[in-house]
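Data block below; observations after.
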Amino acid sequence: MIRFTQLSGKIFAISFFVIISIVCLSCCEQRSTPKYVVGVSQCSDGLWRQRMNFEMQTEQVLHPEIELRFRQSDDNSLLQCQQIDSFISERVDLLIVAPNEEVGVTPAISRAFDAGIPVLVTDRRVIGDKWTAYVGGDNIQIGHLMGDWVRSLLMTEQIKEARVMELWGLPNSSPAAKRHQGFAEKIEGIKQIRIVCSACGRWLPEDGERVADSLLAIHPEVNVIVAHNDEMAIAASRAVRRRGLDIRIMGVDALPGEGGGLQALEQGWIDMSAANSGRGDLVLRLAIRILEGKPFPKDTLFPSALIDTNAAMGILMQADLIDNDAAAIRKIRQELYELGSIQQMQQWIIIGLTVIAVLFIVMSFILYRAFHSRNMARATQELQERQLRKQNRQLEVMTAELAQTKAKVQSEVDFMQRLTNEIESRLSDSELDIEQLATQLSMSRAGLYRKIKASTGQSPVALVRYIRLHKAQQLLEKGDATIQEIAYEVGFATPSYFAKCFKDEFGMSPAEYQKSHENKVDTEEG
Ligand code: FRU
């Protein structure tokens with residue numbers, strides 16, 4: 001019983017442990033095993049990249065089947081290649097790459113593509129065709145917008161002649177090359193517009209400020225600065241202010257947020273910008289189409305537009321609203337997610353409790369059966385013991401009765417032996433009567449009569465006669481004496497009475513008996 005209780009205790013403990021593990025695993029599982037892992041390799045950090053990542057994360061809220069893994073390489077192509085290689089070894093399902101520059105990052109992207117990972121190139125392009133899709137700003141259009149703006153300065157007679165400083169992004173990155181190309185296309189042949197100097201600011205504010213300052217020192221005639229992004233435009237604006245110059249400045253990106261182009265426009269640091277956001281939402285949507293095997297465009301270009309101070313103020317207000325909405329959506333999604341987790345946890349708890357209840361019922365049944373069969377066995381054993389005791393008692397009674405009967409029989413035998421001996425010792429006495437026998441056997445006449453009658457069913461006279469006749473029978477068979485001699489020897493007063501009694505007993509006369517016995521002996525011997 002103790003072993004049984006220990007066993008059921010163990011079963012309960014194991015079941016409880018298994019249920020708790022299932023609940024924990026299922027909860028963890030829900031958080032850590034989405035269907036697709038998407039690696040996002042950004043070439044740098046900063047407002048533009050952070051915003052793009054934020055847009056992707058907001059879109060991901062609608063796609064819980066996607067896990068996003070972000071890495072950024074601080075404008076370092078070598079580091080970006082290493083990060084792409086680590087995504088390859090992690091066997092991500094898809095790679096989104098914004099390459100730092102074309103030549104340096106192309107080999108790593110080709111490796112990912114060759115490893116069978118779909119590669120979605122964004123923002124900046126790569127060399128060759130080992131990539132799955134491209135999505136990014138229309139940089140030629142952005143260049144055109146830069147040209148349009150400079151032309152508008154002339155048309156609105158803000159300046160008579162544009163002596164332009166062009167601040168480049170990384171020359172080995174496609175947006176820089178294309179923005180320049182678009183700008184050059186738009187100003188080509190216009191005499192009043194001249195690029196008097198240009199330098200590479202590598203997309204970075206520090207470099208932009210440094211090179212702008214140097215160029216301003218050499219080219220004080222510059223009255224227009226076009227920078228390939230807002231960060232460099234704002235940085236150049238600082239150099240311009242330091243030098244107390246009056247220069248129109250345009251950048252690219254027009255981002256909301258602290259340090260973004262919209263704020264710079266609003267605060268008068270720059271005069272114009274061209275819209276160019278990373279559109280993380282669209283990038284992720286395209287990635288999901290690729291992952292789901294749906295048709296997708298190989299090349300997607302986002303259109304741009306000129307953003308002046310007024311537009312910037314309007315957009316900033318809208319951006320605020322949009323950002324609030326996005327934050328609210330993310331919060332709601334998070335709450336829904338947590339609610340879903342709680343609901344799932346509750347489901348598992350219900351399943352767990354049901355399992356425990358079923359186990360409990362099964363255990364109770366087993367315990368009941370064990371108790372029941374133990375009681376049954378005990379009852380059967382008690383019954384058997386009672387029966388055994390009863391049989392023992394019966395046996396004792398029977399044994400006692402047997403002993404009594406045996407003693408009675410023995411006394412009967414003894415009595416008959418003594419009686420027979422007594423009768424046989426006086427067999428030839430024809431006068432032998434019951435009186436004499438009673439005296440010999442120390443009994444009363446009536447007592448002897450009753451005893452003989454009870455033991456043999458015959459009267460004493462008949463018994464004596466019976467013994468006489470059977471002795472006579474033996475003597476006849478011996479054949480040593482005559483019938484007459486035998487009659488007297490066995491106590492008959494007359495041979496004729498002997499013959500009569502003999503015939504009554506054996507169905508034939510003594511002579512006939514003697515004869516038949518002799519014949520029988522002869523036959524046996526012969
Ligand atoms: C951000 C950035 C943007 C620019 C883009 C070009 O890293 O420099 O300002 O528009 O990259 O790739």
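Any read-out appearing in this document is the output of simple, stated calculations on the displayed coordinates, not a laboratory observation. On a predicted model such as this, the values are computed, not experimentally measured, just so you know. With ideal geometry, Cβ positions are generated from the backbone for all residues, glycine too; neighbour counts draw on all protein chains shown.
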Hits in the stretch 252-291: amide N under 17 Å from the 7 Å Cα→Cβ extension of ALA327, namely 256-260
Return one number: the angle in degrees, 0 to 90 and rounded to the nearest 10, between the long axis of the Cα atoms of helix 510-525 and the longest principal axis of the Cα atoms of the chain.
-> 50 degrees
Counting only DSSP beta bridges with both partners in the chain, the antiparallel fraction in percent, to the nearest 5, comes to 5 percent
Amide hydrogen neighbours beyond the local backbone of PHE302, cut-off 5 Å, H modeled | GLY136, GLY137, ASP138
When only Cα pairs under 8 Å and 6 or more residues apart are kept, what is the percent relative contact order across the chain?
-> 11 percent
Cβ-Cβ cut-off under 14 Å around PRO495, Lys and Arg +1, Asp and Glu -1: the net charge is +1
Per-residue HN-Hα couplings for the stretch 48-55, Karplus 6.51 cos²θ - 1.76 cosθ + 1.60 at θ = phi - 60°, whole Hz, x for Gly and Pro?
-> 4, 5, 4, 5, 4, 4, 4, 5
Note on the stretch 438-525: contact order normalised by length, alpha-carbon pairs under 8 Å, 6 or more apart, percent, works out to 18 percent
Once both labels are modelled 7 Å past Cα along the beta-carbon direction, what's the ARG91-GLU477 spacing in nm?
-> 11.3 nm
Using packing as a proxy for protection, rank 268-277, 364-373 so that the peptide with the highest average count of other Cβ atoms within 10 Å comes first.
-> 268-277, 364-373
Grab the other residues whose beta carbon is less than 13 angstrom from that of ALA327, score K and R as +1, D and E as -1, and report the net.
-> -2
Taking H as built 1.01 Å from N, whose amide H comes closer than 5 Å to the amide H of ILE225, not counting residues under 5 places away?
-> MET165, ARG248, ILE249, MET250
Which angle from 0 to 90°, rounded to the nearest 10, does the C-alpha axis of helix 139-155 make with the longest principal axis of the chain?
-> 30 degrees
Tilt relative to the chain, helix 495-506 - C-alpha long axis, 0 to 90 degrees, to 10 = 20 degrees
Summing +1 for each Lys or Arg and -1 for each Asp or Glu, what net charge is found among the other residues whose Cβ lies under 11 Å from the Cβ of PHE54?
-> -1
Once amide H atoms are built 1.01 Å from N in the peptide plane, which residues 5 or more positions from LEU68, or in another chain, come under 5 Å H to H?
-> VAL38
Using the count of nearby Cβ atoms within 10 Å as a rough guide to exposure, how do MET317, MET165 rank from fewest to most?
-> MET317, MET165
